[in-house]
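The values are calculated or read from the model by the stated rules, or taken from the named source; none is laboratory data. Note that the structure is predicted; figures quoted are calculated from it, not measured. Ideal geometry is used to build each Cβ from the backbone, glycine not excepted, and the neighbour counts take in all protein chains shown. All accessible areas refer to the heavy atoms of the entire protein, side chains included, with ligands and DNA or RNA removed. Shrake-Rupley method; radii C 1.70, N 1.55, O 1.52, S 1.80 Å.
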Amino acid sequence: MLTDLHTHSTNSLCAHRSSTVQAMVEAASSAGLQGLGITDHLHPDTDPAIFRDNREQLSKLEAVDVKVWIGTEADVTTLAGDITGNPEIYRSLDYVMAGIHHYHLPWIEKPDVSKSPVDVMYFAHQNLLNTVRNPWVDAIGHPWVGVFGYLHGFQFRYEYIQMEWIEELGSAAKAYETALELPVWALIGKEEIPAEEYLNTIVRPLIRSGCLLFAGTDSHHPEGIGQNISTTRRLLLDNGAEERQIWTPDYAIEKRRGGERVV
């Protein structure tokens with residue numbers, strides 16, 4: 001199933017005003033997608049009515065040939081992996097994606113950048129591991145890549161990420177059945193050339209771990225929906241990923257129906 005599971009509608013303040021649910025569904029269909037996840041931001045001051053509005057907009061569409069899930073991108077607020085929102089909001093959604101490493105936001109607990117790059121990345125690693133274990137989190141948005149830009153005081157190098165961290169992450173994600181996003185914009189460069197360092201340092205070890213993975217564009221404009229999704233899927237399969245590793249929100253919905261994520 002070809003899906004883009006990280007997108008934003010006009011109910012995210014950072015999205016383009018053209019990103020209505022209808023425009024997003026039409027863009028997904030035009031891109032050849034079979035599934036679309038709408039994951040508007042859940043900040044501390046977000047009115048949860050935006051998620052009802054997305055469902056209402058979706059219900060008014062006719063002849064929809066794309067499966068649409070209404071989720072959210074909740075902020076990870078603490079090192080311990082706490083997220084914005086509450087169980088009432090989470091239960092109303094098809095899936096909860098935790099937006100990890102948003103250290104530029106003032107309400108997020110962040111690493112001390114006066115420390116060494118490895119220390120900063122270790123903080124990010126612990127933050128990520130703790131979020132994977134949060135029982136309300138179904139998926140993790142843009143693991144690792146969110147912290148790269150935060151390290152503006154020095155030039156980021158992949159050697160700052162320890163291989164055992166990625167192995168530990170993959171093992172934990174598999175054990176807790178928490179899906180990890182592979183952002184297409186980090187994985188696929190210009191002219192659809194894979195970013196080899198990202199692929200080798202993060203993607204291939206995660207594939208080998210057997211954890212659940214999914215692709216997302218983080219699109220804030222309809223034109224970006226589905227971009228390089230098929231290329232990413234092919235790249236995953238070519239590098240050893242199995243079909244069962246490619247996650248969709250139906251997995252989270254079925255788990256909730258089975259009562260497995262009750263806290």
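Can you tell me how many residues in the range 101-125 are in a helix (DSSP H, G or I) and either of a type in the set (Val, Ile, Thr) or free of Cβ contacts under 8 Å to residues at least 40 places away in the same chain (or both)? Break it down into steps so the answer makes sense when it comes.
Filtering the range 101-125 down to residues in a helix (DSSP H, G or I) leaves 117-125.
Applying the additional criterion that residues be either of a type in the set (Val, Ile, Thr) or free of Cβ contacts under 8 Å to residues at least 40 places away in the same chain (or both) yields 118-120, 124.
Final tally of qualifying residues: 4.
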Residues of the range 234-248 being under 15 Å from residue 3 (Cα atoms) and assigned to a helix (DSSP H, G or I), in sequence order, are 234, 235, 236, 237, 243, 244, 245
Residue count, the range 74-107 (criterion: open to solvent by 10 Å² or more (accessible area, probe 1.4 Å) and within 15 Å of residue 132 (Cβ to Cβ)) = 5
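Yes or no: the range 212-233 includes at least one residue that is over 27 Å from residue 8 (Cα atoms) and in a helix (DSSP H, G or I). Spell out how you get there, then give the answer.
Residues of the range 212-233 that are over 27 Å from residue 8 (Cα atoms), as a first pass: none.
The answer is no, given that none of the residues of the range 212-233 is over 27 Å from residue 8 (Cα atoms) and in a helix (DSSP H, G or I).
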Selection count where residues are more than 21 Å from residue 181 (Cβ to Cβ) and among the charged types (D, E, K, R), scope the range 110-156 | 3
Which of the residues spanning the range 83-94 are within 16 Å of the chain's Cα centre (by Cα), more than 26 Å from residue 33 (Cα to Cα) and either outside any strand (DSSP E or B) or without any contact (Cβ under 8 Å) to a residue 40 or more places away in the chain (or both)?
-> 84
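Mind listing just one residue for me: the one in the range 154-184 that is of a type in the set (Phe, Trp, Tyr) and over 19 Å from residue 212 (Cα atoms) and, of those, least open to solvent (accessible area, probe 1.4 Å)?
The initial filter retains those residues of the range 154-184 that are of a type in the set (Phe, Trp, Tyr), namely 154, 156, 158, 160, 165, 176.
Checking the rest, the ones that are also over 19 Å from residue 212 (Cα atoms) come to 154, 156, 158, 160.
Numbers: 154: 56, 156: 44, 158: 45, 160: 21 Å².
Ranking the qualifying residues of the range 154-184, first place goes to 160.
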In the list 186, 175, which residue meets the criterion of being in a helix (DSSP H, G or I) and at pLDDT below 95?
-> 186
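Give the residues of the range 130-146 that are among the charged types (D, E, K, R) and within 10 Å of the chain's Cα centre (by Cα), sorted by residue number. Steps first, please.
If we filter the range 130-146 for residues that are among the charged types (D, E, K, R), which is where we start, we get 133, 138.
Passing the criteria: only 138.
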Which condition number does residue 205 fail, the rest of (1) part of a helix (DSSP H, G or I); (2) open to solvent by 20 Å² or more (accessible area, probe 1.4 Å); (3) at pLDDT 95 or above being met?
-> (2)
Residue in the range 54-73 that is in contact (Cβ under 8 Å) with a residue 60 or more places away in the chain, open to solvent by less than 50 Å² (accessible area, probe 1.4 Å), part of a strand (DSSP E or B) and acidic (Asp, Glu) present | yes
